[in-house]
Amino acid sequence: MFKSKKNLIIYIVLSIGLFFTSFPYLWMVLSSFKVSAEIVTRFIPTKLTFDNYIFVFSGQQRNFLVGLLNSFIISIIPVISTIFFSLLTAYAFRRIKIWGYRFFENFVIYQILFPQVLFLVPLFLVMRNLGQVNTYGGMTIRYLISPWAIFIYSQFFKTVPEALLESARIDGASELQIIFRIMLPLSATTTAIVALFTFMARWSEFLWPMIICKDYAKMPLTVLLALFTKGDLFGAYFGPQIAGATLLSLPIIILFIVFRKYFEKGITFTGLKG
Amino acid sequence: MRKIIKVNRQLQKNIIGYIFSTPYFLFTIAIWLYPFIWGLIISFKRWNLISPTSTWVGLGNYLEVLQDPILWVIIRNSVYFMIVFVGLTTITSLGVALLINQIPKFKSFFVIGFLLSFVSSGVAYSVVFNILFASDGLINNILNIFGVKVGWFTNPSIAMASIALVVSWKFTGYYALFFLSGLNNIPKAIYEAARIDGANPWQSFFKITVPLLNPTFVMIIVFATITSFNLFAEPYMITGGGPMNATKTMMLEIYNRVFEFLQVGYGSTLAIVSAIITFIFVCIFKKLVERDVYV
């Protein structure tokens, strides 16, 4: 394998780089099991403790388990809804080619490139007027349909041969059946990419849920952990903070490792997202 | 007769298509167009979020934003961030990509490994870096062996660079992937020809590789510009915009003004000014960096 000395050196350098990339994670997972005195002084703990996790799981008001559940709820709703509506919209634009579809497709691209900062304040006011403050709706409604997903679905739909759809129509399939029986299975990879990137973006999101949700019982873990860390009460509780960071990171890392192929494809496929 | 049937079929298809895309149209009007226009209107008003009435101030908010010294502090911080971030990520991700490009095996293992930092949530790694780089944290304890102590997030002149370091950590693998696909697009024959003409590896790197990776460089710089004005989770979690406003970003200022001081009109104006500044910066950088490259 190591044909030359040069290759060996490259492997060593890359491994050192990989160590720096994963070091914060390693330290985080190890530290979440440390007693507080060893967090800043030692890398490898001398004894393991579950106290940090017990602490964050037993909070009366700020329970990180509830936070995890909330994070999951506000991440999975946009995933399902985005896939459903983006399939329908992309099919209407790209395959049915409704009147004005070229304009709509361009508009979708402008929407993706449009600066998000402009929507922060007025969207908050819209949600407040709709009575969606402190609700899951307030945190998810704005993400129910994603222009980005419409864009990558229509990119894929371009490649599906019309003969396939025509033969389905001759067999008596309705347009809805074509979408969900033919297009959806054909675009499994695209769907996986949309699902993973949407889930990841919503799981990690911080600013919007913090603005819209002040209720500890509905907060996703990002907001719960941020307020825990920033607040006066637990600012010096490093152990529980790190346990929270571990809980927030691990699900997404596991998801990433399991579906790594789709992540890699998704990044090179679509370039910059959002 | 046949023509009428054809038109009818066309009409029927369009009706179905419009039914399918109606949710998207309604969504765009309610969640996109309507708030966008509302945001524009608020920027001409003075309003405190709570009172039922607001007053028109014309261009008052805009004048106030442009005269506010904090705007220039934010622009300075953002440019500082861009320089450090672009410098660091270019070195690390191009380095990683060049190395991965040469190895015969385990390519995708390393690609996946370097992407690990990209998937993390901003809040989570901010908590981690905040404790790791604290003045008495593990990193300073290690540096202390050499008699060095760095105020990563407490020294105003390097706090923003430390934030850029954290964000670069996140994006190294992500950009390495783009550099890798850029490298794959360069035909091997060019290097071969250069070698025959007597070019050494350094010459072929700076005369072939770097110019042909121009699109990737442009992308990173554009992205760094957008990121620097939208930076929120990291400075909010780690420094809160301090010390002495050294890590204050546009997003942080908008958040503070609107949701802490309830200056809705001012905040909306700031958002619009931010979008315009970002756009201007992107245009300038594209003009400076972008070259037409043909392979």
I need the calculated FRET efficiency for the pair A:Lys265 and A:Asp215, taking r as the beta carbon distance and R₀ as 35 Å, to the nearest 0.05. 0.35
Taking the C-alpha atoms of the protein assembly as shown, convex hull volume expressed per residue in Å³: 207
About its Cα centre, how strong a charge dipole does the protein assembly as shown have in debye, to the nearest 20, once Lys and Arg get +1 and Asp and Glu get -1 at the Cβ? 1360
Which one of B:Asp197, B:Asp68, B:Asp136 has the biggest mean-square fluctuation once chain B is modelled by GNM with Cα springs under 10 Å? B:Asp197
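Please work out the ratio of the alpha-carbon Rg of region A:5-53 to 2.2 N^0.38 Å and round it to two decimals.
Details: Rg = 15.0 Å, N = 49, 2.2 N^0.38 = 9.7 Å.
Cα-based Rg divided by the globular estimate yields 1.55.
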So if I take the alpha carbon set of region B:20-103, get Rg, then get Rh from the Kirkwood formula, what is the Rg over Rh ratio? 1.26
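Beyond 19 Å between alpha-carbons counts as too far, so tell me which of B:Lys170/B:Lys286; A:Lys261/B:Lys107; B:Lys45/B:Lys248; A:Lys230/B:Lys248; A:Lys5/B:Lys105 fall in that bin. The partial results should precede the final answer.
On the way: B:Lys170/B:Lys286 24 Å; A:Lys261/B:Lys107 13 Å; B:Lys45/B:Lys248 25 Å; A:Lys230/B:Lys248 17 Å; A:Lys5/B:Lys105 15 Å.
Violating the 19 Å limit, Cα to Cα: B:Lys170/B:Lys286; B:Lys45/B:Lys248.
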Shape call, chain B: gyration tensor on alpha carbons, a/c limit 1.5: oblate
Report the gain in length on full extension from A:Phe55 to A:Phe180: 0.36 nm times residue separation, minus Cα-Cα distance, nm rounded to one decimal. 40.4 nm
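Is there a simple number for the mean count of other chain Cβ atoms within 10 Å of the Cβ of residues in A:168-175, and what is it?
Details: counts 0, 0, 0, 0, 0, 0, 1, 6.
Shielding by partners across A:168-175 averages 1.
B:Leu262 to B:Trp56: extension gain in nm, 0.36 nm per residue of separation minus the Cα-Cα distance? Walk me through the numbers on the way to the answer.
On the way: separation 206, 0.36 × 206 = 74.16 nm, distance 1.64 nm.
Between B:Leu262 and B:Trp56, full extension yields an extra 72.5 nm.
Quick check: from the Cα gyration tensor, does chain A come out rounded (a/c under 1.5), prolate or oblate?
oblate
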Using the Kyte-Doolittle scale, find the helices of chain A whose mean hydropathy is at least -0.5 and whose Cα atoms extend 20 Å or more along the helix's long axis, counting only whole DSSP H runs. A:5-31, A:64-91, A:188-204, A:238-258
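Please state the shape class of region A:169-231: rounded when a/c is under 1.5, otherwise prolate if a/b exceeds b/c and oblate if not, all from the C-alpha gyration tensor. Write down the numbers at each step before the final one.
On the way: a/c = 6.05, a/b = 3.34, b/c = 1.81.
Note, shape of region A:169-231 comes out prolate.
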Using the beta-carbon distance between A:Lys97 and A:Ile257 and R0 = 25 Å, what value does 1/(1 + (r/R0)^6) give for FRET efficiency, to the nearest 0.05? 0.05
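Nearest 500 deg cm²/dmol is fine: what mean residue ellipticity at 222 nm does chain A get from its DSSP H runs of n ≥ 4 alone, each adding -39,500 (n - 2.57), divided by its residue count? List each step's numbers first, then the result.
Numbers: 13 runs with 175 residues, N = 274.
Calculated mean residue ellipticity at 222 nm is -20500 deg cm²/dmol.
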In nm, the gap between the two label points placed 7 Å beyond Cα toward Cβ at B:Ile208 and A:Leu113 is 3.3
Fraction in percent of alpha-carbon pairs per bin - 10 Å, region B:62-213: 10, 26, 28, 21, 12, 3, 0
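Kindly state, to the nearest 0.05, the FRET efficiency for A:Leu130 paired with B:Val293, given R0 = 35 Å and r defined as their beta-carbon distance. Intermediate results must be reported in sequence, preceding the final value.
Details: r = 49 Å, r/R0 = 1.40.
Given R0 = 35 Å and the Cβ-Cβ separation, E is 0.10.
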Residue-averaged beta-carbon neighbours from other chains (10 angstrom radius) around A:91-100: 5
With only alpha-carbon atoms counted, please give the Rg and Dmax of region B:151-295, in Å. 20.2, 68
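Rounded to the nearest 20 debye, what is the charge dipole size of chain B about its Cα centre when +1 sits on each Lys and Arg Cβ and -1 on each Asp and Glu Cβ? The partial results should precede the final answer.
Values: 20 positive and 10 negative charges, 262 e Å.
Dipole of chain B, to the nearest 20 debye: 1260 debye.
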Whats the longest run of chain B with zero trypsin sites (Lys or Arg not before Pro) that are DSSP loop and have at most 15 other Cβ atoms within 10 Å? B:150-290
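Mean Kyte-Doolittle of at least 1.0 plus a Cα span of 18 Å or more along the axis: flag which DSSP H helices in chain B meet both, please.
Values: long enough: B:2-28 (38 Å, 0.04); B:69-102 (50 Å, 1.56); B:159-184 (37 Å, 1.18); B:214-230 (24 Å, 1.32); B:264-289 (37 Å, 1.87).
Counting only whole DSSP H runs, the qualifying helices are B:69-102, B:159-184, B:214-230, B:264-289.
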Return the average number of partner chain Cβ atoms within 10 angstrom of each residue Cβ along peptide A:128-134. 0
B:Gln10 versus A:Ser167, label points 7 Å from Cα toward the beta carbon: distance in nm? 2.8
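Tell me, what is the Rg over Rh of region A:80-171, with Rh the Kirkwood radius over Cα pairs?
That ratio equals 1.10.
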Among B:Val127, B:Ser204, B:Ser168, whose Cα sits farthest toward the positive end of the charge dipole of region B:61-289 (+1 at Cβ of Lys/Arg, -1 at Cβ of Asp/Glu, about the Cα centre)? B:Ser204
For region A:40-95 and region B:234-295, compute the distance between their C-alpha centroids and round to whole Å. 28
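Computed from the coordinates by the stated procedures, all read-outs in this text should not be read as laboratory data. Bear in mind the structure is a predicted one, so any value in this text is a computation, not a measurement. Neighbour counts are summed over all protein chains in view; Cβ atoms, including those assigned to glycine, are modelled from backbone coordinates with ideal geometry.
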